[in-house]
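For reference, the structure discussed in these notes is given below.
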Amino acid sequence: MMRWKATAKATAIAGALAVATLMTAPTAGAKEFKWAFQGNLQSLDPHGLFETFTIGFHGNMYEPLIGYDDKMNVVPMLAESFTQTNTNTWRAKLRAGVKFHNGNDLTTDDFIFSWKRALTEGSDMKVPARKIKEIKKIDDLTFDIITSNPNPILPRSLLILYVMDKEWSVAHKTEAATNLKGGEEGNFANLNANGTGPFMVTEHAAGVKTMLKRFDGYWQKIPSNVTKATFTPISQDATRVAALLSGELDLAYPVPVQDWQRLKDAPGVQPLAGPEARTIFLGFDQVRDELLYSNVKGKNPFKDVRVRKAFAHAINVEAIKKKVMRNASFPTGLMVAPQIGGFVPALNAHWAYDTAKAKKLLADAGYPNGFEVTMDCPNDRYVNDEKICQASAAMLARIGVKVKVLAQTKSKYFGKVLSQNNYDTSFFLLGWTPGTMDAHQAIEPLMACRTKEKGRGLFNLGGYCNERIYALAPMIESETDQAKRAAMIKEVFKIHQDEVGHIPLHQQPLSWGVSDRVTVNQRPDNVLDLRYVVVK
Amino acid sequence: MFAFIIRRLLQSVLVMLTVALIAFALFRFVGDPINNLVGQDTTLQDRQQLRETLGLNDSVVVQYWRYVVNTAKGDFGYSYMHRRPVKTMLLERMPATLELSIISIILALFIGVPMGVYTGLRRDGFLAKIFMSISLIGISLPTFLIGIMLILVFGVMLRWLPTFGRGEVVAFGIWTTGLLTASGLKALIMPAITLALFQMTLIMRLVRSEMLEVLRTDYIKFARARGLSNRAVNFGHALKNTLVPVITITGLQLGSVIAFAIITESVFQWPGMGRMFIEAVADVDIPVMAAYLCLIALFFVVINLIVDLLYYAVDPRLRIDGGGSGGHG
């Protein structure tokens, strides 16, 4: 009994000490920043998952050769210079004196190692890594990158190829990217990080919280004065907003657009909105001879351009903007946003809203009384996605087309409509941001004819196909003359718009909630870069 | 007695096998995990390769059998999303859920039982009527709403309590506890109340009706006739005889509290197993879902076993009947 009491006492003292440590005033000059996002940080492995939030977060710890500044301009990061010396060769010179968090120097070998690691089985960075055929080491800081094809956007493709320290990776047996299949290899980098970025990971409880500390040996001056940063994933919208309102967070995103007024009314917080580089659009099955989900039998109405055009004229994007998107969306007629390389301002206008014209087009195509079709729609992927589908269905009802909306959670939706399920859809809503922020990354996966061998048109769910666009896609990829390239991109968009390959609706808004204590930079790809966070 | 326990444990294996089978049959309807596992630029070949590697192209029966065999070897697989062993993840998250559930049940018992006794004894009292009205709220309001309302009042408006998370935790080996730090205790208050409220009202109403029943019986009248004090009659005789159903319900409820902490955990961003499960469902993380469902099945079986054993302690008739064959009824 006595012993138990002693233990209890010791525990109590330990508890008291823990409390005391908690209550110690922060050291002078310490600037703490706390933020929350709706999703988990799934892995710390920089080559594990090619997904915007994940690589955006990793960008605080790891860095590429060339990166984005606050406006998403491409600027030199680890490479002091990166120039094309002939059609297939790029010369890169690394910055001298760049250190990893463990104190090691950045060298050519680290880059070569990282490239090879990005090609291992578990890596999701194989697509950009495969663009490199070979790397020739010149000296410790200089190397030549050889590509198999001329590639004018190679620097952009390598934006997400983060550089790891070779010695560290070898020492911790993480020479291959974390494999989904499991197995011990790669696990160290899954839970630990050692990059050249301005922040180091001090604690990473996967799915619970991640704590970062400023790296004193960072190679460049940055606006941020944050010394300590804590990230928490909060999946429930209501909880995330409440945590921001209660002052426990400095930044929460995304915030439902419905809650903007609440944030404006509350003291100390503000909504921060801006255009996202993501375009939301509708698409049609134009491949099958008979639609899977329609009452039209024996033929596919969407093969007729007049039907597609009728749909385009029937949808009132301004009304969607006003009623569904709280005036925060940016209506468009183009498959890429203004932030994307290759954007054509002249083609950005949406089709005029004209139900009479739409009805006439439908009648000309042989459907004076319209028809029925089922629309596939995610309900938790894009801003107000399900509501956009419902609004579109209501608008199409006015021209006699009866649309049944099948809205599902994203895993079910994508499981149904993507390639693995043989594009099982007749009419759908999808959103897209080109990973490289270049139009080619929208043209090839969304607008080029579907070919399994070439891997083109992977997300061309409706199988829209135009020979000319198909021929132009690889030319755009390798054309180095920027003027010629822009002309080709413009030609693609013009054809696509004339044929109504898809119906672009709008760029959706970014929606963050920010405390008055901090200033942050909202990047159009919804990434928070801690380099630009300033705490007052 | 020993044979009884063994038999129940063997039954539990059967229960878990069945749960896993049903789970695997259902996973086909949850969606496809591949799109959550790769970026949009990943090629078709790489996607197909990944499906093959993860065994997603196999039939449900093959996937199920592989899972059972691996589980029997103690290998629960790797989470698709977190790329970590599911076993480690469950062990990391379990303390948070158990701590929350047990505190909630204790709260429910220590408030629910006295309230039940009180309302049973003074059925027409003013206070008893207030208790009964409050209990209606507890029974009828959804957990989600209660949680959000608490957050709004005590987190956002009054700012007394944290709105999310578990606060600072102290680790003892594999166990982490939030009971030893101020922030941990503060973080526990709202989730525990949210989770306890329904159980508390349930227990209170149960105790009340049982008390009303027992108080009418002859032996209570005799006890009073013998001149025993009110306290001895009410607590020594009446309450004790209401306990068998209370133990059953509390035991079963502990199982559901652990299993249905999911909602409370998501509302308060509590880092427990329930939230992990909900996230796994959204991401179609099959290994995590399967392991969680089997674990919850195991919890239910074990809790039922403990409840059955407790009957022996509470109900002397079972002990006289002697051992495993005895059932009361």
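Worth a mention:
- In region A:376-393, the residues that are touching a residue at least 40 places away in the same chain (Cβ under 8 Å) and aliphatic (A, V, I, L, M): A:VAL383, A:ILE388, A:ALA391
- Pick from region A:27-41, criterion touching a residue at least 12 places away in the same chain (Cβ under 8 Å) and over 15 Å from the mean Cα position of the chain (by Cα), ranking: surrounded by the fewest Cβ atoms within 10 Å (Cβ to Cβ): A:GLY29
- Selection count, region B:13-53, where residues are at pLDDT 90 or above and closer than 30 Å to A:LYS131 by Cα: 0
- Pick from region A:407-428, criterion assigned to a loop (DSSP other than H, G, I, E, B) and farther than 30 Å from A:PRO152 by Cβ, ranking: nearest to the other protein chains (Cβ to nearest Cβ): A:THR409
- Residue pairs meeting the criteria (Cβ under 7 Å; at least 6 apart or on separate chains; first on the phi > 0 side of the Ramachandran plot, in region A:255-272; second surrounded by fewer than 12 Cβ atoms within 10 Å (Cβ to Cβ)): A:GLY268/A:ASP516
- For A:ALA349: the one exception among (1) touching a residue at least 40 places away in the same chain (Cβ under 8 Å); (2) part of a loop (DSSP other than H, G, I, E, B); (3) of a type in the set (A, V, I, L, M): (1)
- Scanning region A:70-90 for residues that are without any contact (Cβ under 8 Å) to a residue 60 or more places away in the chain and either over 16 Å from A:ASP110 (Cα atoms) or within 18 Å of the chain's Cα centre (by Cα) (or both) yields A:LYS71, A:ASN73, A:VAL75, A:PRO76, A:SER81, A:THR83, A:THR85, A:ASN86, A:THR89.
- Comparison of A:GLY67, A:GLY59 shows that the only residue that is within 16 Å of the chain's Cα centre (by Cα), over 30 Å from B:ALA280 (Cβ atoms), more than 14 Å from every other protein chain (Cβ to nearest Cβ) and surrounded by 18 or more Cβ atoms within 10 Å (Cβ to Cβ) is A:GLY67.
- Condition met for A:GLY431 (surrounded by 23 or more Cβ atoms within 10 Å (Cβ to Cβ), of a type outside the set (A, V, I, L, M) and within 11 Å of another protein chain (Cβ to nearest Cβ)): no
- Summed over region A:81-128, residues that are within 21 Å of A:ALA171 (Cβ to Cβ) and either part of a strand (DSSP E or B) or basic (Lys, Arg) (or both) total 4.
- Selection within region B:139-163 - among the aliphatic types (A, V, I, L, M), part of a loop (DSSP other than H, G, I, E, B) and either outside the structural domain of B:TRP270 (by TED's automatic domain parsing) or more than 23 Å from the chain's Cα centre (by Cα) (or both): B:LEU158, B:LEU161
- Of the candidates B:ASP32, B:ASP41, the single residue that is within 7 Å of chain A (Cβ to nearest Cβ), surrounded by 15 or more Cβ atoms within 10 Å (Cβ to Cβ), under 16 Å from A:ASN421 (Cβ atoms) and charged (D, E, K, R) is B:ASP32.
- Lone qualifier among B:LEU150, B:LEU100, B:LEU145 - being surrounded by fewer than 19 Cβ atoms within 10 Å (Cβ to Cβ) and aliphatic (A, V, I, L, M): B:LEU145
- Residues of region B:101-136 satisfying the condition of being over 15 Å from B:MET200 (Cβ atoms), of a type outside the set (Phe, Trp, Tyr) and either in a helix (DSSP H, G or I) or within 14 Å of another protein chain (Cβ to nearest Cβ) (or both): B:GLY120, B:LEU121, B:LEU127, B:ALA128, B:LYS129
- If you go through region A:220-239 and keep only what is assigned to a strand (DSSP E or B), more than 7 Å from chain B (Cβ to nearest Cβ) and within 23 Å of the chain's Cα centre (by Cα), you end up with A:ALA229, A:THR230, A:PHE231, A:PRO233.
- Taking the conditions (1) within 14 Å of chain B (Cβ to nearest Cβ); (2) surrounded by fewer than 24 Cβ atoms within 10 Å (Cβ to Cβ); (3) modelled with pLDDT of 90 or more in turn, A:TYR470 satisfies each one other than (1).
- Taking residues in region B:223-238 that are within 23 Å of B:VAL314 (Cβ to Cβ) and not assigned by TED's automatic domain parsing to the domain that holds B:VAL314, and partners anywhere that are assigned to a helix (DSSP H, G or I) and small (Gly, Ala, Ser), not one pair has Cβ atoms closer than 9 Å while being at least 6 places apart or on different chains.
- Residues considered: A:ARG156, A:ARG130. Of these, the only one that is free of Cβ contacts under 8 Å to residues at least 12 places away in the same chain and within 25 Å of the chain's Cα centre (by Cα) is A:ARG130.
- If you go through region A:434-450 and keep only what is farther than 14 Å from B:ASP41 by Cβ and within 11 Å of chain B (Cβ to nearest Cβ), you end up with just A:ARG450.
- Between A:PHE459, A:PHE493, the distinction of being aromatic (Phe, Trp, Tyr) and free of Cβ contacts under 8 Å to residues at least 60 places away in the same chain belongs to A:PHE459 only.
- Qualifying position, being part of a loop (DSSP other than H, G, I, E, B) and under 15 Å from A:GLY39 (Cα atoms), among A:GLY207, A:GLY217: A:GLY207
- Options A:GLU477, A:GLU453; residue that is within 14 Å of chain B (Cβ to nearest Cβ), part of a helix (DSSP H, G or I) and surrounded by fewer than 24 Cβ atoms within 10 Å (Cβ to Cβ): A:GLU477
- In region A:150-185, residue farthest from A:GLU477 (Cα to Cα) [restricted to those that are in a loop (DSSP other than H, G, I, E, B) and in contact with a Pro (Cβ under 6 Å, 6 or more places away or on another chain)]: A:TYR162
- Checklist (1) within 19 Å of the chain's Cα centre (by Cα); (2) within 14 Å of chain A (Cβ to nearest Cβ); (3) in a helix (DSSP H, G or I); (4) not hydrophobic (A, V, I, L, M, F, W, C) applied to B:ARG166, failing item: (3)
- Within region B:253-294, restricting attention to residues that are closer than 24 Å to A:LEU244 by Cα and polar (S, T, N, Q), the residue that is surrounded by the most Cβ atoms within 10 Å (Cβ to Cβ) is B:THR264.
- Just one residue in the set A:GLU276, A:GLU290 is outside any loop (DSSP other than H, G, I, E, B), of a type outside the set (A, V, I, L, M, F, W, C) and farther than 20 Å from A:ARG517 by Cβ; that residue is A:GLU276.
- Test for A:PHE215: is it modelled with pLDDT of 95 or more, surrounded by fewer than 23 Cβ atoms within 10 Å (Cβ to Cβ), of a type in the set (Phe, Trp, Tyr) and more than 29 Å from A:VAL255 (Cα to Cα): yes
- Residue match in region A:186-194 (condition: buried (at least 20 other Cβ atoms within 10 Å of the Cβ), in contact with an Asp or Glu (Cβ under 6 Å, 6 or more places away or on another chain) and in a loop (DSSP other than H, G, I, E, B)): yes
The values are calculated or read from the model by the stated rules, or taken from the named source; none is laboratory data. Keep in mind the model is a prediction, meaning the values are calculated, not measured. Backbone-built Cβ (ideal geometry, glycine too); neighbour counts: all protein chains shown.
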